[in-house]
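Chemist: Would you mind keeping the following structure in view while I ask a few things?
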Amino acid sequence: RHIFTNSRTVSDRLRHFNGIDSEVLYPPLQDADSFRCDGYGDEIVCVSRVEHHKRQHLLIEALHHTRTPVKLRLCGISCFPATYSDELKALASRLGLDGRVVFEQRWISEEEKVERLAPALAAAYIPFDEDSYGYPSLEGSHARKAILTTTDSGGVTELVVDSVNGYVCPPHPQALGEAMDRLFLDRSHASAMGQAAYQRVLDLGITWDKVVQKLVA
């Protein structure tokens with residue numbers, strides 16, 4: 001049996017509660033080939049819904065602990081009233097980060113995702129205990145960017161191997177800030193991890209060719 005899901009967690013639940021074995025087929029991006037890499041700049045980019053459990057606040061707090069001029073770009077919109085969005089802006093201002101955090105709090109098109117990720121230093125996705133590896137992680141990987149995530153982010157850790165194709169940090173601002181600095185100070189390693197991020201997608205078979213091959217076999 002095959003199961004089309006972004007995480008092994010669902011497969012594990014089927015085995016535990018229903019006694020059903022299944023092979024996970026990770027869903028690919030609709031237009032993966034549109035993503036590209038234009039080098040490694042000074043921004044860590046997070047393209048995601050702006051919700052408290054996505055923890056954009058933790059990225060802002062982490063930036064406060066950095067020692068380099070690394071920047072943060074937060075792209076996305078909330079599905080609910082913009083209370084959390086307002087809190088993020090207030091947090092950045094309170095921490096003196098107004099010039100280092102870019103907010104694009106609106107709907108981000110697929111084309112805009114490509115343009116934001118292409119020059120990025122790395123991509124960040126740090127939800128709390130999410131079943132899915134998350135399309136933001138997959139999009140960053142296709143753009144050949146290292147993925148910054150946390151040990152408690154759930155399915156993202158199925159995709160990211162610490163120090164190989166990104167950093168898997170404890171969910172603390174200091175740890176994330178140190179990882180941001182390492183990315184900024186060692187662009188050659190950031191580039192190598194970005195290439196490894198793309199290779200990881202291929203190794204896991206997260207392509208339509210692989211998925212279709214499995215489904216029709």
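Chemist: Modelling each spin label as a point 7 Å along the Cα-to-Cβ direction, I'd like the Trp107/Val164 distance in nm, to one decimal.
Modeler: My value for the distance between the label points is 3.9 nm.
Chemist: Students often check this: by mean Cβ neighbours within 10 Å, which of 146-153, 70-77, 105-112 ranks highest, and how do the rest follow?
Modeler: Numbers: 146-153: 25.1, 70-77: 21.5, 105-112: 12.4.
Packing order, densest peptide first, comes out as 146-153, 70-77, 105-112.
Chemist: Leaving ligands, DNA and RNA out of it, report the carbon-plus-sulfur percent of the accessible area of the chain at a 1.4 Å probe.
Modeler: Values: 5390 of 10320 Å².
Here it works out to 52 percent.
Chemist: Less than 21 Å apart at the alpha-carbon level, and either on another chain or at least 8 residues along: which lysines does that give for Lys71?
Modeler: Partners found: Lys54, Lys89, Lys113, Lys145.
Chemist: Moving on to the next point. Report the chymotrypsin sites (Phe, Trp or Tyr not before Pro) located in the range 117-195 that are in a DSSP loop and have at most 10 other Cβ atoms inside 10 Å of their Cβ, or state none.
Modeler: Here no loop site has a sparse enough neighbourhood.
Chemist: In whole Hz, with x marking every Gly and Pro, tabulate ³J(HN,Hα) for the range 194-209 from phi via Karplus 6.51 cos²θ - 1.76 cosθ + 1.60, θ = phi - 60°.
Modeler: x, 5, 5, 5, 5, 5, 4, 4, 5, 5, 7, x, 8, 9, 5, 4
Chemist: Here is a further query. Could you give the accessible area per residue of the range 88-164, probe 1.4 Å, as a whole number in Å²?
Modeler: Working: 2880 Å² over 77 residues.
I get 37 Å² per residue for this part.
The values are calculated or read from the model by the stated rules, or taken from the named source; none is laboratory data. Everything numeric here is computed off the predicted structure, so don't read it as measured data. For neighbour counting, all protein chains shown are included, and Cβ atoms are generated from backbone atoms with ideal geometry for every residue, glycine included. When the accessible area is computed, the model is the full protein with side chains, heavy atoms only, and any ligands, DNA or RNA have been set aside. Shrake-Rupley method; radii C 1.70, N 1.55, O 1.52, S 1.80 Å.
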